[in-house]
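Heads up: the structure comes next, in structure tokens.
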Amino acid sequence: MKFPESVGLLIDLVAVPSPTWHEADAARMLSDRLPRLGWESSHLDGAGSVVATRGSGDKELLLLSHIDTVPGGPAFQVNDERIIGRGSVDAKSPCCALAAGAGAITVPEGWRITLVAAVGEEIDSRGARFRMPLHEPAALVVGEPTGSGGIALSYRGRILFSYACEDDGAHRSGSPGPMTAAVQASAALIELTGELGKGYSIAVMEMEGHEAGRRSASVTMDLRTPIGAVQNELELLLEKTAADFGVELKIIEYVPPHEVPKSDPVIRAFRNSIREVTGEAARVLAKQGTCDFNVLSGWGCPMGAYGPGDSQYDHSSNEQIEIAEFLRGVEVVSKALPRLMASL
């Protein structure tokens, strides 16, 4: 099977496992290959992310996707029509589409383009956070699967927290104990979340409990929050529930929701380019997850999220992408980025 350079890169990148904390082999391979796609320099930064550049102007267009994946996934396979394997959608296809599309265009005078294939997005966004003080971009495109015909303008936020409890031990007939308290507090908060309204959801991430003399329990939960959610009010709700059941609250991470308007230059450039490539109106998406889009919103620049791949396959046991879908994504990127830079 003979594939274009961009498809070959995606195939080889999906073939190299890169679960979070184990991205180094995939990152080195991607960094070595980017010059073949038109990138002038490429290296690994202090966090282990791939950073590549084109041009030397004062205005920076930043393209950031992630190279890490969740564990597991289907066995790696390739045929004439599709690529199957962990990361083929989330987010190696968006990453490679940005790399190939941006590598093929002429960089306008006064501009430079930076590509970041970040580590750690699936857990703590450490790669994106490392880059935050190093850039002041004029615009940002985040590589996430939206489908080649979609562009995302918002992502929900989240509060990652745990309820924990312990004691010195007691008979269960007289004292239900920490495990019961932690489960009751978690169940109460799940019920309360259902009453908060549209856009709120909650899920248990981890549960741990021990009884061997001393008794201990911990439940880690992920509360997703919509645009307009008020951090202080939600934290008060978590604190009150913890107090009601005698457990300790620990806020692990707060990531705010973020949204840009449909008139944002990034959104507009991609909408026009999607129509040009596909002949159909772009789908403008409000995504239900949380990603580096939220973390990087602090730059306050025009931004949007784009990438080929059907997000229903994210993290699934049959993650896959059609090669034609990926190539449409590359074409959209190659048309959208010149439009975007010309508008700023």
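The values are calculated or read from the model by the stated rules, or taken from the named source; none is laboratory data. A quick note: this is a predicted structure, and the numbers were derived from the prediction, not measured. No Cβ is skipped: glycine too gets one built from the backbone with ideal geometry, and neighbour counts run over all protein chains shown. Heads up: the accessible areas ignore ligands, DNA and RNA and are worked out on the full protein's heavy atoms, side chains in. Shrake-Rupley method; radii C 1.70, N 1.55, O 1.52, S 1.80 Å.
Overview of results
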read-out: Value of relative contact order over the chain, rounded to a whole percent, pairs C-alpha under 8 Å and six or more apart; value: 25
read-out: For the chain, calculated [θ]222 nm from helices alone, where every DSSP H run of n ≥ 4 adds -39500 (n - 2.57); value: -10000 deg cm²/dmol
read-out: Helix runs (DSSP H) in the chain reaching 27 Å along axis by Cα, Kyte-Doolittle at least 0.0; value: 323-343
read-out: Relative packing of 112-123, 255-266, which averages over residues the other C-beta atoms within 10 Å, highest first; value: 112-123, 255-266
read-out: Kirkwood Rh in Å, taken over all unlike Cα pairs in region 1-158; value: 15.8
read-out: Kirkwood Rh, angstrom, region 80-128 [1 / mean 1/r, Cα pairs]; value: 12.9
read-out: Selection from Val89, Ser56, Thr146 lying farthest towards where the dipole of the chain points positive, charges on Cβ; value: Ser56
read-out: Solvent-accessible area per residue for region 156-267 (1.4 angstrom probe, square angstrom); value: 54
read-out: Cα-projected label distance for Asn79 with Ala286, points at 7 Å along beta-carbon direction, nm; value: 3.9
read-out: Lysines with Cα under 21 Å of Lys59, excluding same-chain neighbours fewer than 8 positions away; value: Lys335
read-out: Rounded accessible area per residue of region 1-152, 1.4 Å, Å²; value: 37
read-out: Formal net charge of residues neighbouring Val284 (Cβ-Cβ distance under 10 Å; K, R +1; D, E -1); value: +3
read-out: Pairs of Lys in region 196-334 closer than 26 Å at Cα, counting only those 8 or more apart or on different chains; value: 6
read-out: Shape category assigned to region 212-292 from the gyration tensor of Cα positions, a/c cut at 1.5; value: prolate
read-out: Alpha-carbon centroids, region 1-21 and region 67-91: separation in whole Å; value: 9
read-out: Separation between Cα centres of region 305-344 and region 30-61, rounded to whole Å; value: 19
read-out: Charge context of Lys2, other residues only, Cβ under 15 angstrom, K/R +1, D/E -1; value: -4
read-out: Leading residue at positive end of dipole, the chain (Cβ point charges), from Trp111, Ile159, Leu34; value: Trp111
read-out: Residue-wise HN-Hα coupling along region 250-263, computed from phi with Karplus coefficients 6.51, -1.76, 1.60 (Hz; x: Gly, Pro); value: 10, 7, 7, 7, 10, 10, x, x, 8, 8, 10, x, 4, 7
read-out: Portion, in percent, of the accessible area of the chain that falls on carbon or sulfur, probe 1.4 Å; value: 50
read-out: Stokes-Einstein D for region 130-196, Kirkwood Rh over Cα pairs, 25 °C, 0.890 mPa s (µm²/s); value: 142
read-out: The chain - Rg over Rh from alpha carbon coordinates, Kirkwood radius; value: 1.04
read-out: Leading residue at positive end of dipole, region 166-280 (Cβ point charges), from Ile251, Thr180, Asn232; value: Asn232
read-out: Gyration tensor (Cα) of region 299-344, equivalent ellipsoid semi-axes in angstrom; value: 27, 15, 4
read-out: Region 174-193 and region 102-149: distance between their alpha carbon centers, rounded to Å; value: 42
read-out: Overall Cα dimensions of region 220-344 - principal axes, largest extent first, Å; value: 58, 39, 20
